[in-house]
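Q: Take a look at the following structure, please.
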Amino acid sequence: MKKPVIGIQLYTLRDFMQNAEDFDNMLACLADLGVKDVQISAIGDIPAEVQAEILKKHDMKVCVTHKPFERMINDLDNLIAEHKIIGCDALGLGAAGSDMRENSSNVRKFIADTAEIGKKLAENGMTFNYHNHAFEFEKLDDADMCMMDLLLSETDPDKFNFIPDVAWIHYAGRNPVDVLQDMKGRVKVLHFKDYIIDENNERHFVSLGKGIVNLQECYDLACELEIPYIMYEQDNDWVDNDPFKAVEESWEFLKSLDN
């Protein structure tokens, strides 16, 4: 049984990574915590060559990215080249646009588009990876199934991988452990996120271990399934409105899961 490598999804710190200097400084802070692996998402327009230099400076590796779907459709060759420069073999999509998931026909069009993307990536030693939210588990208007049912059953396991987000799965009313079993063999990167529901029935994200998601159970299954990476991600609602403090708390929690 191989334990996952833990790391940080840089989307959590996106507001502090909009230029090369800030990217460098923030990676230095993460390196001080002992972080060696990251996911790149929503950072500024920093050339791939500069990203690679800064990553090398701090001895960090990139396990996956999130990039716009428009670029995957219209600028895939350049995306592939950029990923090779930063040493990353996994191209990720953060979410399907609302127009891609209005009904089963639109979902199948999305699947057809990603099949072409996945084919080109495979030819270059890369994979396509899809990150879920809660909407993928809602029943489609024109079918007795949800988007995730179609993604699991009608995509090529060799060319379409998942970046399951345990908090969004839980919020959708599903058991993350069951969904991870359904995705067995198709997950390189697993997102750990946590949340609470307040007295007004509103959702708030929290540092890992402070919410209602059974992260230990998810971690144990990730070990069993030999999922290579677990990345902490938090969209907002950071403790004391401080993303780095949330990262520090969540990083300590991640390290405790194997104890």
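Q: Test of understanding: among PRO157, PRO176, which residue is of a type outside the set (Val, Ile, Thr), in contact (Cβ under 8 Å) with a residue 12 or more places away in the chain and either more than 25 Å from GLU249 (Cα to Cα) or in contact with a Leu (Cβ under 8 Å, 6 or more places away or on another chain) (or both)? Before the answer, list the steps.
A: Numbers: PRO176 fails: either more than 25 Å from GLU249 (Cα to Cα) or in contact with a Leu (Cβ under 8 Å, 6 or more places away or on another chain) (or both).
From the options PRO157, PRO176, the qualifying one is PRO157.
Q: So, one more: Look at the stretch 112-137 and say how many of its residues are β-branched (Val, Ile, Thr), crowded, with 20+ Cβ neighbours inside 10 Å and under 18 Å from PRO164 (Cα atoms). Talk me through it step by step, then tell me what you get.
A: Filtering the stretch 112-137 for residues β-branched (Val, Ile, Thr) gives 114, 117, 127.
Those left that are additionally crowded, with 20+ Cβ neighbours inside 10 Å: 114, 117.
Still in the running and under 18 Å from PRO164 (Cα atoms): 114.
The number of residues fulfilling the criteria is 1.
Q: Follow-up. Taking the conditions exactly as written (surrounded by fewer than 19 Cβ atoms within 10 Å (Cβ to Cβ), more than 26 Å from PHE137 (Cα to Cα) and modelled with pLDDT of 95 or more), does ASP89 satisfy them or not? Outline the logic, then answer.
A: Values: surrounded by fewer than 19 Cβ atoms within 10 Å (Cβ to Cβ): yes; more than 26 Å from PHE137 (Cα to Cα): yes; modelled with pLDDT of 95 or more: yes.
In short, yes.
Q: Would the stretch 175-184 turn up any residue that is more than 28 Å from ILE80 (Cβ to Cβ) and modelled with pLDDT under 95?
A: Initial filter on the stretch 175-184 (more than 28 Å from ILE80 (Cβ to Cβ)): 175-182.
Next, only the ones that are modelled with pLDDT under 95 stay: none.
Within the stretch 175-184, not a single residue is more than 28 Å from ILE80 (Cβ to Cβ) and modelled with pLDDT under 95.
Q: Can you confirm whether LEU257 is surrounded by 17 or more Cβ atoms within 10 Å (Cβ to Cβ) and under 18 Å from HIS133 (Cβ atoms)? I'd like the intermediate steps shown before the answer.
A: Working: surrounded by 17 or more Cβ atoms within 10 Å (Cβ to Cβ): yes; under 18 Å from HIS133 (Cβ atoms): no.
So LEU257 does not fit the description; no.
Q: What's the number of the only condition in (1) closer than 15 Å to ASP24 by Cα; (2) touching a Lys or Arg at 6+ places or on another chain (Cβ under 9 Å) that GLU53 fails to meet?
A: GLU53 satisfies all of (1) closer than 15 Å to ASP24 by Cα; (2) touching a Lys or Arg at 6+ places or on another chain (Cβ under 9 Å) except (2).
Q: Condition check: in contact with a Gly (Cβ under 7 Å, 6 or more places away or on another chain) and modelled with pLDDT of 95 or more. Does ASN129 satisfy that? First the steps, then the outcome.
A: On the way: in contact with a Gly (Cβ under 7 Å, 6 or more places away or on another chain): yes; modelled with pLDDT of 95 or more: yes.
Here the answer is yes, as ASN129 does meet what is asked.
Q: Just to be sure, is ALA48 of a type outside the set (Ser, Thr, Tyr), over 19 Å from the mean Cα position of the chain (by Cα) and modelled with pLDDT of 95 or more? So that I can check it myself, show each step before the final result.
A: Details: of a type outside the set (Ser, Thr, Tyr): yes; over 19 Å from the mean Cα position of the chain (by Cα): yes; modelled with pLDDT of 95 or more: yes.
Considered against the rule, which asks whether it is of a type outside the set (Ser, Thr, Tyr), over 19 Å from the mean Cα position of the chain (by Cα) and modelled with pLDDT of 95 or more, ALA48 comes out as yes.
The values are calculated or read from the model by the stated rules, or taken from the named source; none is laboratory data. Quantities reported herein were computed from a predicted structural model and do not represent experimental measurements. Cβ: placed from backbone, ideal geometry, glycine included. Neighbour counts: every protein chain shown.
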